[in-house]
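The values are calculated or read from the model by the stated rules, or taken from the named source; none is laboratory data. Since the model is a prediction, treat every value here as computed from it, not as a measurement. Don't worry about glycine lacking a Cβ; one is built from the backbone with ideal geometry, like all the others, and counts go over all protein chains shown.
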Amino acid sequence: MQLNFIRTVAGLALAAFVSAAAAQADYPNRPVTLVVPSAPGGGSDTIARLFAERLGRALKQNFIVDNKAGANGVVGLDNVAHATPDGYKLLFSYAAAMVINPSMIKKMPFDPLKDLIPIAQIASGGNLMAVNPKLPVKNLQEFVAYAKAHPGQLNYCSWGTGSGGHLTMESLKKQAGLDMTHIPYKGSGPCAQDVMGGRVEAGWVDFSSTVGLVSSGRLRAIATSGPSRVPQLPDVPTLTEAGYPFSSYTWYGLFAPAGTPQPIIDKLNATVRGLLREPDMIRRMSDLNITDLPQTTPQQFAEIVRADMGKWGKLVRSLNLQMD
């Protein structure tokens, strides 16, 4: 009797293992949701939709973008961190949502390092500081002089409190001794629109979705936060070149809930890396003004996330910024 029971249990366990292995090998066999923790229209959303299309084509299944903006990305990240770890709900995130929030927010509803698994880095680079073309400044030095001459009178926007744009401007304010008011938005797109409309004087915006606005004269770019100038705007200096040292940068990446089977993580990573090598994808990303396309393993990307969390955390502490 006991032997039969053991055999039954063993058989059930084996069947469950075979079923799980088959499901992983067959992944994905139904639509996959790709959560983007920002509003539609910004750089994260634009690039996520491009990758959703290409992932769907490569894996022969629909990848559906679901925008969940709010709290500098916390709403979207939390949604994925607590999702079933089966590969059918993934996260397409920008760097700040992952690596800045833990130092900014006192009570995070999840632990990014424990509750989310890095799959693959998508791209890296800097952001743009843009001003309304009617503002009487042509470069960063003139902007600093103008802001000093109008203390407390200028507003600037970013894609949220605790975002990379927010911290970058706060670093500049501290170094240059500026008095300006931060206006947080739910995405880079609405921020750029209000800079163009003159409702705010300046803003930090994502590069991929705004360089066209700069080229057309609707925005004036005066600095970039990346480590080097961008080819599309060769006359726009980095903050460091302009005399205000800044070394942190941004990236986009794909993540899954902790506990997602490793074969699914590896399959997604291999697919993303393959997409980043395709000439057509390289051209499409270049059209979005993104030329730095690192190809990382999940382990390499995890190391980048951990290192950047330390770098941004140090900046947050130096600026003494906190959110409830």
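Some values worked out for this structure:
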read-out: Qualifying strands (runs of 3 or more DSSP E) (wholly inside region 152-229; at least 2 residues being crowded, with 18+ Cβ neighbours inside 10 Å and over 21 Å from the mean Cα position of the chain (by Cα)); value: 220-224
read-out: Residue in region 72-87 that is surrounded by fewer than 23 Cβ atoms within 10 Å (Cβ to Cβ), within 19 Å of Asn269 (Cβ to Cβ) and touching a Ser or Thr at 6+ places or on another chain (Cβ under 6 Å) present; value: yes
read-out: Residue in region 22-39 that is at pLDDT 80 or above and of a type in the set (Gly, Ala, Ser) present; value: yes
read-out: Any pair with Cβ under 6 angstrom, 6 or more apart, that starts in region 106-127 at a residue that is more than 18 Å from Tyr249 (Cβ to Cβ) and ends at one that is among the hydroxyl-bearing types (Ser, Thr, Tyr); value: Ile117/Thr260
read-out: Some residue of region 274-291 being more than 25 Å from Lys60 (Cα to Cα) and surrounded by 20 or more Cβ atoms within 10 Å (Cβ to Cβ); value: yes
read-out: Tally of residues being within 30 Å of Leu90 (Cβ to Cβ) and more than 19 Å from the chain's Cα centre (by Cα) across region 230-253; value: 1
read-out: Matching residues, region 104-120, being surrounded by 19 or more Cβ atoms within 10 Å (Cβ to Cβ) and either in a helix (DSSP H, G or I) or not assigned by TED's automatic domain parsing to the domain that holds Asn269 (or both); value: Met104, Pro112, Asp115
read-out: Where a residue in region 60-89 is assigned by TED's automatic domain parsing to the domain that holds Gly165 and under 19 Å from Met104 (Cα atoms) and its partner, wherever it lies, is of a type in the set (Lys, Arg) and buried (at least 22 other Cβ atoms within 10 Å of the Cβ), with Cβ under 9 Å and at least six apart; value: none
read-out: Candidates Ser188, Ser216, Ser171 - the one that is within 18 Å of Ser93 (Cβ to Cβ) and not assigned by TED's automatic domain parsing to the domain that holds Asn101; value: Ser188
